[in-house]
């Protein structure tokens with residue numbers, strides 16, 4: 001069953017008319033790649049409701065969501081800026097994913113503790129963001145996404161500021177959580193090697209369109225289109241030839 005179906009989703013940004021068509025299967029880990037300004041982050045913002053499309057359809061688990069406000073969509077989005085509040089503890093920052101006023105039941109506090117355990121931060125509940133590394137802060141933001149318990153997780157380059165080894169570690173953690181909890185992931189990245197490492201399938205965005213989709217290894221190691229080969233560059237292809 002498709003977790004996400006996008007049909008003729010139109011949006012104008014400055015002089016670019018975008019139109020997206022995309023289908024993502026339930027439980028899939030889809031990498032989204034393409035040149036800067038091609039529309040990758042815009043696509044995620046349209047799904048999340050931070051941008052409003054001119055026309056078209058967005059369905060999550062067969063529910064039409066294009067007219068819903070962001071807080072009512074069955075979607076969680078994780079950004080490069082982890083949006084943690086410096087004056088709150090890790091536990092409180094995660095709890096915001098459940099209730100913005102942090103009025104949590106005992107069961108909800110248990111859910112926060114369980115999410116921190118799942119991301120490897122079981123002993124960090126009372127720390128504040130400035131007492132943590134960049135990777136630990138992103139784990140906190142990921143835990144906050146988990147407690148929202150939404151079927152679709154959108155990752156807009158949340159690990160871009162991390163080094164290659166730590167990026168792979170975080171992607172492996174997301175994949176482990178995806179398999180355990182059954183949610184679907186769309187992952188925007190400017191690093192094709194990260195998409196090759198983590199994604200089962202890749203969508204290539206160019207000039208406001210989904211220009212190509214396919215299995216990650218096939219699309220990235222044997223690109224059939226000139227636009228995709230130009231995006232990846234000769235060094236990428238030579239190194240993996």
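The values are calculated or read from the model by the stated rules, or taken from the named source; none is laboratory data. On a predicted model such as this, the values are computed, not experimentally measured, just so you know. Positions of Cβ are generated from backbone atoms using ideal geometry, with glycine treated the same way; all protein chains shown enter the neighbour counts.
Figures for the structure shown
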item	result
Tally of residues being in contact (Cβ under 8 Å) with a residue 24 or more places away in the chain, in contact with a strand residue (DSSP E or B) (Cβ under 9 Å, 6 or more places away or on another chain) and surrounded by fewer than 18 Cβ atoms within 10 Å (Cβ to Cβ) across the stretch 33-48	1
Condition check for residue 30: more than 30 Å from residue 130 (Cβ to Cβ) and either crowded, with 16+ Cβ neighbours inside 10 Å or in contact (Cβ under 8 Å) with a residue 24 or more places away in the chain (or both)	yes
Hey, residue 96 within 28 Å of residue 113 (Cβ to Cβ), out of contact with any helix residue (DSSP H, G or I) (no Cβ under 6 Å at 6 or more places or on another chain), at pLDDT below 90 and crowded, with 17+ Cβ neighbours inside 10 Å or not	yes
Members of the stretch 55-79 found to be surrounded by fewer than 17 Cβ atoms within 10 Å (Cβ to Cβ) and in contact with a helix residue (DSSP H, G or I) (Cβ under 7 Å, 6 or more places away or on another chain), listed by number	70
Spans of strands (runs of 3 or more DSSP E) in the stretch 125-241 with at least 1 residues within 30 Å of residue 59 (Cα to Cα), in contact with a helix residue (DSSP H, G or I) (Cβ under 6 Å, 6 or more places away or on another chain) and not assigned by TED's automatic domain parsing to the domain that holds residue 33	152-156
Residue within the stretch 80-89 that is surrounded by 13 or more Cβ atoms within 10 Å (Cβ to Cβ) and not in a loop (DSSP other than H, G, I, E, B) present	no
Single residue of the stretch 106-124 satisfying the filter (part of a loop (DSSP other than H, G, I, E, B) and touching a residue at least 40 places away in the same chain (Cβ under 8 Å)) that is surrounded by the fewest Cβ atoms within 10 Å (Cβ to Cβ)	120
Answer from 128, 148 - the residue that is at pLDDT 90 or above and surrounded by fewer than 17 Cβ atoms within 10 Å (Cβ to Cβ)	128
Where a residue in the stretch 146-159 is at positive phi and its partner, wherever it lies, is modelled with pLDDT under 90, with Cβ under 6 Å and at least six apart	157/80
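Let's see how each residue does on (1) at pLDDT 95 or above; (2) not assigned by TED's automatic domain parsing to the domain that holds residue 110:
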| residue | (1), (2) |
| --- | --- |
| 1 | no, yes |
| 6 | yes, yes |
| 13 | no, yes |
| 20 | yes, yes |
| 31 | yes, yes |
| 41 | no, yes |
| 63 | no, yes |
| 79 | no, yes |
| 89 | no, no |
